[in-house]
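What follows is calculated from the coordinates using simple rules that are stated; it is not laboratory data. All of these numbers come straight from a predicted model, not from anything done at the bench. As a convention, Cβ positions derive from the backbone with ideal geometry for all residues, glycine included, and neighbour counts pool all protein chains shown.
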Ligand SMILES: Nc1ccn([C@@H]2O[C@H](COP(=O)(O)OP(=O)(O)OC[C@H](O)CO)[C@@H](O)[C@H]2O)c(=O)n1
């Protein structure tokens, strides 16, 4: 891993003895050239034993059939290029030397700016992803929900095992020793629910209580992690939190290890504070109350971020296809071994070796 910019937090930090790494966009930092990285990886791969399984990963494609633009803060966004970059990613994931069992996309598959053509944009991107030829697991981001109905997204994305309450959380077992839990970051939110829906009402209540600004997308005046109280964020309902707890209990009982996937990041330090999930602490408490969670993966922040917390859980935030300059790449694959997990990022996506904590190894023995 390129450790430029890494720092070890002090003992008075909330993530004591943790390593924190935040790579920013590939056009903002000096990254090793693609060729150099490909050679380095093939050298290390020669010495690896075969993983138990491997899968592809991609974040924030956020495609729209509109001219290039920029984020609220002025970062360039290459809306049409996102499809070309995804096509390249899918073909590399499909044809690469490592056989992948499936791919996960971390939400915001299309951008909210394609109001009239949202369904067409969604169909186009699903077509690109499905060219992978193996299962693709999805989750919903704020942009998915700006113009598209949840039910329609569930159907088109063929999301399995959904709860009866209309939420978008589910789990699957990619290997007998592993459970993957996909959380719904917008279970309690303004986007995705009718204003009369109880989950919308709850989101409004939380936002009114925590963000005094008239424009609830604006975190102005809020300090530190309080800046997460913005309307383009979201939270997990009490029902989802209870379900999550149960998932981890079941995984522990089956001696399974767990990876958690979500559009919004949970761990402070992995992403700017306005990107954090509203009730991230509750979800972290659930994870830390069990010994089976190895890693969490999120998108939304459009940049690389990493913290290993003091419970040994690896928290990763992965960069966006949308803000990857034309001609550059942004995707990765993850190799899962008995004692470690290895993210192999391409070009703008970081690479990372993650050892399994002692407690996880003991629990699953
Ligand atoms: N201070 C702000 C920030 C944003 N907005 C408005 O909120 C909407 C969502 O912002 P957007 O950047 O489009 O959200 P993304 O999910 O694409 O990106 C998440 C992270 O920010 C990436 O770094 C939009 O309408 C903004 O104009 C605001 O009003 N005030």
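Considering region 59-105, and only residues there that are farther than 13 Å from residue 322 by Cβ and part of a helix (DSSP H, G or I), the residue that is farthest from the chain's Cα centre (by Cα) turns out to be 95. Would you mind stating whether residue 162 is part of a loop (DSSP other than H, G, I, E, B) and farther than 28 Å from residue 348 by Cα? In short, yes. Identification of strands (runs of 3 or more DSSP E) wholly contained in region 323-365 with 3 or more residues that are in contact with a helix residue (DSSP H, G or I) (Cβ under 8 Å, 6 or more places away or on another chain) and closer than 23 Å to residue 61 by Cβ yields 330-336, 340-347.
Quick one: in region 298-315, of everything that is within 16 Å of the ligand (Cβ to nearest atom) and assigned to a strand (DSSP E or B), which residue is farthest from residue 365 (Cα to Cα)? Of everything passing the filter in region 298-315, 305 is farthest from residue 365 (Cα to Cα). Restricted to region 175-201, and to residues there that are outside any loop (DSSP other than H, G, I, E, B) and in contact with a strand residue (DSSP E or B) (Cβ under 6 Å, 6 or more places away or on another chain), the residue that is surrounded by the most Cβ atoms within 10 Å (Cβ to Cβ) is 188.
Only residues that are within 11 Å of the ligand (Cβ to nearest atom) and within 16 Å of residue 278 (Cβ to Cβ) were counted in region 212-225, giving 6. Going by what's in this entry, would residue 231 be described as under 30 Å from residue 176 (Cβ atoms) and either in contact with a strand residue (DSSP E or B) (Cβ under 8 Å, 6 or more places away or on another chain) or within 16 Å of the ligand (Cβ to nearest atom) (or both)? Here the answer is no, as residue 231 does not meet what is asked. Within region 209-259, can you find the residues that are in contact with a helix residue (DSSP H, G or I) (Cβ under 7 Å, 6 or more places away or on another chain), under 30 Å from residue 52 (Cα atoms) and assigned to a strand (DSSP E or B)? Those that are in contact with a helix residue (DSSP H, G or I) (Cβ under 7 Å, 6 or more places away or on another chain), under 30 Å from residue 52 (Cα atoms) and assigned to a strand (DSSP E or B): 257, 258.
Of the residues that make up region 299-316, is at least one within 16 Å of residue 184 (Cβ to Cβ) and surrounded by 23 or more Cβ atoms within 10 Å (Cβ to Cβ)? Yes. Of all residues in region 266-285, those satisfying the criterion of being within 13 Å of the ligand (Cβ to nearest atom) and surrounded by fewer than 22 Cβ atoms within 10 Å (Cβ to Cβ) are 272, 273, 274. Among the numbered conditions (1) away from the ligand (no atom under 16 Å from the Cβ); (2) within 15 Å of the chain's Cα centre (by Cα); (3) surrounded by fewer than 23 Cβ atoms within 10 Å (Cβ to Cβ), the only one that residue 260 does not meet is (3).
For region 139-151, the criterion of being surrounded by fewer than 17 Cβ atoms within 10 Å (Cβ to Cβ), free of Cβ contacts under 8 Å to residues at least 12 places away in the same chain and more than 18 Å from residue 193 (Cβ to Cβ) is met by no residue.
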